[in-house]
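Working notes for the structure below.
Throughout, read-outs are computed from the coordinates displayed, never taken from laboratory work. Just so you know, these numbers come straight off a predicted model, no measurement behind them. Heads up, the Cβs are rebuilt from the backbone with ideal geometry, glycines too, and the neighbour counts pull from every protein chain shown.
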Amino acid sequence: MKRARQAEKGNLSNKSVKSSVKTVVKKVETALTANSREEAQNALHQAVKAIGKAASKGVMHKNTAARNVSRLTKKVNALKPQSDLPATGEA
């Protein structure tokens, strides 16, 4: 009985963490489709933080977390820098 109650609490907590991770990953994907490199990088930073926290809590396996971070990072790095805007340090 007690074990079932504890499992229920854990499931609710894990569901909340998984949902927040999905949300931040979706923000990265949205920024990628908008071709906004800076926005994508900011969203990626938040996503990496959330995924790392989920992995450390045991909600997500560490290899799964590393794979997700790697794939997101690869997609963000593949975005071409916006060349129509002048660079801040050179102009």
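Using the Cβ atoms and a cut-off under 12 Å, what net charge is assigned to the surroundings of residue 45, where Lys and Arg are +1 and Asp and Glu are -1? Combined, the nearby Lys, Arg, Asp and Glu give 0. Near residue 56, once Lys and Arg are set to +1 and Asp and Glu to -1 for all other residues with Cβ below 12 Å from its Cβ, the sum equals +4.
Taking every DSSP helix (H) stretch of at least 4 residues in the chain, weighting each as -39,500 (n - 2.57) and dividing the sum by the residue count yields a mean residue ellipticity at 222 nm of -27000 deg cm²/dmol.
In terms of the mean number of neighbouring beta-carbon atoms within 10 Å, the peptides 40-50, 61-71, 7-17 order highest first as 40-50, 61-71, 7-17.
Taking 7 Å steps out from each Cα toward its Cβ at residue 9 and residue 36 produces label points 4.0 nm apart. Exceeding 27 Å between C-alpha atoms, which entries from my cross-link table qualify? They are 27/62; 15/80; 57/80; 49/74. Going by Cα-Cα distance, 15/80; 57/80 fall outside the 27 Å limit. The Stokes-Einstein estimate for the chain, based on a Kirkwood radius over Cα pairs and taken at 25 °C with 0.890 mPa s viscosity, is a diffusion coefficient of 166 µm²/s. Relative to the dominant Cα principal axis of the chain, helix 37-57 is inclined by about 20°.
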